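Visitor: Sharing a structure with you now.
The values are calculated or read from the model by the stated rules, or taken from the named source; none is laboratory data. The shown structure was predicted, so the numbers you read here are calculated from the model rather than taken from an experiment. Heads up, the Cβs are rebuilt from the backbone with ideal geometry, glycines too, and the neighbour counts pull from every protein chain shown.
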Amino acid sequence: MPSSHLPTTLAEARRRGWHELDIILVSGDAYIDHPSFGIPLLGRWLEAHGFRVGIIPQPDWHAKDAFMALGRPRLFFGVSGGAMDSMVAHYTPQRKLRHDDAYTPGNRHGARPNRASIIYTSRLKEAYREVPVVLGGIEASLRRLAHYDFWEDCLRRSLLLDAKADLLIFGMGERPLLELAQRLQRGEPLAAIRDLHGSCYVARQSPEDAVHLPSWEQLGEERAAFVQAQRLMEREQNPYCGRPLVQRYDRRLLVCIPPALPLSGPELDSLYALPFSREPHPRYTEQIPAFEQIKRSLTTHRGCCGGCSFCAIAMHQGKVIQSRSLASLQLEVKRLAGTSWFKGQISDLGGPTANMYGLVCRAPDSGHGCRRPSCLHPGICPHLHCSDSRAVQMLRQIRTMPSVRQVTISSGIRFDLLERQPEYFRELVSQHVGGLLKVAPEHLVDAVTDLMRKPNGLVFERFLARFRDESRRAGRRQGVVPYLMAGHPGCSIEAMVELALALHRLGLQVEQVQEFTPTPGTTATCIYYTGVDPATGEPVAVVRSDAERRLQKGLLLWHLPDEQARVRKALLGLGRHDLLLRLTSLQQAGGSHPARRAAGQQGSKRKTPR
């Protein structure tokens, strides 16, 4: 009987009656047939449009044999490093090797190589030199232009050039990948496809309306050229008004066509209606942590209009919010209810930011001429329609379905939007917080949050006060887990002391602090590399020392015994002897578990949501 999964071997393909595949997708992740994973999603999308598709998951890259498991595809190979950039997946912010991989059975490290897209392409060209290779996924999106690489501390060329692939597709990929497959199916040569939105190619001539970025040679000579390139690139990200970008590499030109248009609501619904098994491929015998985390969750929308300077979402998903219909989400819940492991608990209803579901641009041109990188910074755009009516209806309808016992929101919440979403706020607090609500202020010092393109500390304080009030009113004992960041460009030891004091004043403690990692393509990474804010041209102080980054992190974990030496060192270095007692007072007093203190818990015992 044919497997409910797409084939991963020739034997599986033949059981479907396929003796040749049209497209073979190679992934750095294990194969989980679930819409939260990019390669299976694209595979099902192509299959639904009549193409025979196979997947080679996590091939052994040391030789070409594993890349020949499905034979030669008729049209092309598609390559993705996985759900994360392979270097981010492999290394910590201190450039130390990680020893786990949530996208691999058994959570084991080592199932994918460093710079996976490059290695996979090399092996495919070794096996089938004449078959086109198309790059895609988050690694391709972030590295589509010349970029700063934190792990080598140098500039690297476009991934398309380094991998020696034939084409690069960036963004979520459904629209350009399907168009490419259909055009190749009709016999159009790949070399003639030069107008595919959401793609990059190498050429000798530039499109007439292109924006010319500083060349590779100029980038190597002066960092000001990198700042200019970042500024120009960010201006051309709107899929409706963006122009082609051209970057010269000696005699060759890298041409980057503007992003593909976002999917419409009905198109997004049709994507999630595809016949996913929602299970890992039966070849696996060990648990895959990433699957365990998301298998009971539903993706309600795509895109994020926050435009945070350190975040890669805008480079990949874009800022246009694309929301599924309520009917589509209800159908997925019914499918969830048909699985053996669903017991009525939905772990998340969200996306990049949960409370952006249903947001739309109400500008006269629907935002088609907008060049703002963020709809929320420095203030919420007056054209952004922030009504929460659609999101509130969605929450109420999903949680009252017969098969559903509980719905929690695990995706992050944009708390500045909540000020304009009072009913969603009440629904969230009274029904959908599983004890602790995740929010990401990242910092509370205005000079730093401004560089991050995040709301300032006062907005967070208003949110926290209201959250506590609403929790008390609902009779629930629950709280907030704030995600914070150390080492971001513009953040000094003094700013971290100020942040630690603010947390102390607000009665918050944290157990985890993220260290800034300069991921390719982001504005914050540009600031880290150049020391200049591309938005203003002003210099920005940057922390490059691992020791100082650890000091910054330690200041936010002042209540933990293991961090006391770092806290003392930082305060004495600043001459702030007066703060030594204050930043150890809660610990000396005993107190409760830090996670509970972080929550700032209020009210009586939490009721079970319905």
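Visitor: Read through the list (1) within 21 Å of residue 285 (Cβ to Cβ); (2) part of a helix (DSSP H, G or I); (3) in contact (Cβ under 8 Å) with a residue 60 or more places away in the chain, then give the number of the only condition that residue 103 fails.
Guide: If we test residue 103 against (1) within 21 Å of residue 285 (Cβ to Cβ); (2) part of a helix (DSSP H, G or I); (3) in contact (Cβ under 8 Å) with a residue 60 or more places away in the chain, just (2) comes out false.
Visitor: Can you go through 176, 259 and tell me which one is buried (at least 20 other Cβ atoms within 10 Å of the Cβ), in contact with a His (Cβ under 8 Å, 6 or more places away or on another chain) and assigned to a helix (DSSP H, G or I)? Break it down into steps so the answer makes sense when it comes.
Guide: On the way: 259 fails: assigned to a helix (DSSP H, G or I).
Exactly one of 176, 259 is buried (at least 20 other Cβ atoms within 10 Å of the Cβ), in contact with a His (Cβ under 8 Å, 6 or more places away or on another chain) and assigned to a helix (DSSP H, G or I), namely 176.
Visitor: If a residue must be under 19 Å from the mean Cα position of the chain (by Cα), part of a loop (DSSP other than H, G, I, E, B) and surrounded by fewer than 22 Cβ atoms within 10 Å (Cβ to Cβ), how many such residues does the stretch 17-43 contain?
Guide: Looking only at that region, the number is 3.
Visitor: Then there's this: May I ask you to verify whether residue 587 is at pLDDT 80 or above and in a helix (DSSP H, G or I)? Give the derivation first.
Guide: On the way: at pLDDT 80 or above: no; in a helix (DSSP H, G or I): yes.
No.
Visitor: Given the criteria at pLDDT 95 or above, out of contact with any helix residue (DSSP H, G or I) (no Cβ under 7 Å at 6 or more places or on another chain) and surrounded by fewer than 21 Cβ atoms within 10 Å (Cβ to Cβ), does residue 494 qualify?
Guide: Numbers: at pLDDT 95 or above: no; out of contact with any helix residue (DSSP H, G or I) (no Cβ under 7 Å at 6 or more places or on another chain): yes; surrounded by fewer than 21 Cβ atoms within 10 Å (Cβ to Cβ): yes.
When the stated conditions are applied, residue 494 does not pass them.
Visitor: Another one. I'd like to check something: does the stretch 439-458 contain any residue that is touching a residue at least 24 places away in the same chain (Cβ under 8 Å) and farther than 29 Å from residue 529 by Cα? It would help to see each step written out before you state the result.
Guide: From the stretch 439-458, those touching a residue at least 24 places away in the same chain (Cβ under 8 Å) are 439-445, 447-448, 450-455, 457; that's our starting set.
Filter once more, so that each one left must be farther than 29 Å from residue 529 by Cα: none.
Within the stretch 439-458, none of the residues are touching a residue at least 24 places away in the same chain (Cβ under 8 Å) and farther than 29 Å from residue 529 by Cα.
Visitor: From the list 268, 298, 274, 336, exactly one residue is over 30 Å from residue 106 (Cα atoms) and touching a residue at least 40 places away in the same chain (Cβ under 8 Å). Which is it? Outline the logic, then answer.
Guide: Values: 298 fails: over 30 Å from residue 106 (Cα atoms); 274 fails: over 30 Å from residue 106 (Cα atoms); 336 fails: over 30 Å from residue 106 (Cα atoms).
Step by step, each of 268, 298, 274, 336 is checked, and only 268 is over 30 Å from residue 106 (Cα atoms) and touching a residue at least 40 places away in the same chain (Cβ under 8 Å).
Visitor: Would you call residue 532 touching a Leu at 6+ places or on another chain (Cβ under 8 Å), touching a residue at least 24 places away in the same chain (Cβ under 8 Å) and of a type in the set (A, V, I, L, M, F, W, C)? Give the derivation first.
Guide: On the way: touching a Leu at 6+ places or on another chain (Cβ under 8 Å): no; touching a residue at least 24 places away in the same chain (Cβ under 8 Å): yes; of a type in the set (A, V, I, L, M, F, W, C): yes.
For residue 532, the condition - touching a Leu at 6+ places or on another chain (Cβ under 8 Å), touching a residue at least 24 places away in the same chain (Cβ under 8 Å) and of a type in the set (A, V, I, L, M, F, W, C) - is not met.
Visitor: Across the stretch 206-240, what is the number of residues that are farther than 22 Å from residue 372 by Cα and not in a helix (DSSP H, G or I)? Please lay out each step first, then the result.
Guide: Filtering the stretch 206-240 for residues farther than 22 Å from residue 372 by Cα gives 206-208, 215-223.
Next cut, not in a helix (DSSP H, G or I) only: 206-208, 215, 222.
Count: 5.
Visitor: When the residues of the stretch 50-79 are narrowed to those that are touching a Ser or Thr at 6+ places or on another chain (Cβ under 8 Å) and at negative phi, which ends up surrounded by the most Cβ atoms within 10 Å (Cβ to Cβ)?
Guide: Taking the stretch 50-79 as the starting set, the residues that turn out to be touching a Ser or Thr at 6+ places or on another chain (Cβ under 8 Å) are 54-58, 69-70, 79.
After this cut, where a residue has to be at negative phi as well, the list is 54-57, 69-70, 79.
On the way: 54: 25, 55: 25, 56: 23, 57: 26, 69: 20, 70: 24, 79: 31.
In this case the residue turns out to be 79.
Visitor: Also, I was wondering about something else. Checking the conditions here, which among 11, 30 is under 24 Å from residue 299 (Cα atoms) and not β-branched (Val, Ile, Thr)?
Guide: Working: 11 fails: under 24 Å from residue 299 (Cα atoms).
Of the residues listed, the single one that is under 24 Å from residue 299 (Cα atoms) and not β-branched (Val, Ile, Thr) is 30.
Visitor: For the structure I just gave you, tell me whether residue 323 is hydroxyl-bearing (Ser, Thr, Tyr) and without any contact (Cβ under 8 Å) to a residue 12 or more places away in the chain.
Guide: On the way: hydroxyl-bearing (Ser, Thr, Tyr): yes; without any contact (Cβ under 8 Å) to a residue 12 or more places away in the chain: no.
No.
Visitor: Scan the stretch 195-220 residue by residue and report those that are over 19 Å from residue 141 (Cβ atoms), surrounded by 14 or more Cβ atoms within 10 Å (Cβ to Cβ) and touching a residue at least 60 places away in the same chain (Cβ under 8 Å).
Guide: Those that are over 19 Å from residue 141 (Cβ atoms), surrounded by 14 or more Cβ atoms within 10 Å (Cβ to Cβ) and touching a residue at least 60 places away in the same chain (Cβ under 8 Å): 216, 219, 220.
Visitor: Follow-up. Taking the stretch 331-349 only, how many residues are of a type outside the set (D, E, K, R) and in contact with a helix residue (DSSP H, G or I) (Cβ under 9 Å, 6 or more places away or on another chain)?
Guide: Restricting attention to the stretch 331-349, the residues satisfying the condition of being of a type outside the set (D, E, K, R) are 331, 333, 336-342, 344-347, 349.
With the extra rule that they be in contact with a helix residue (DSSP H, G or I) (Cβ under 9 Å, 6 or more places away or on another chain), the set shrinks to 331, 333, 342, 344, 346-347, 349.
Counting residues in the stretch 331-349 that are of a type outside the set (D, E, K, R) and in contact with a helix residue (DSSP H, G or I) (Cβ under 9 Å, 6 or more places away or on another chain) gives 7.
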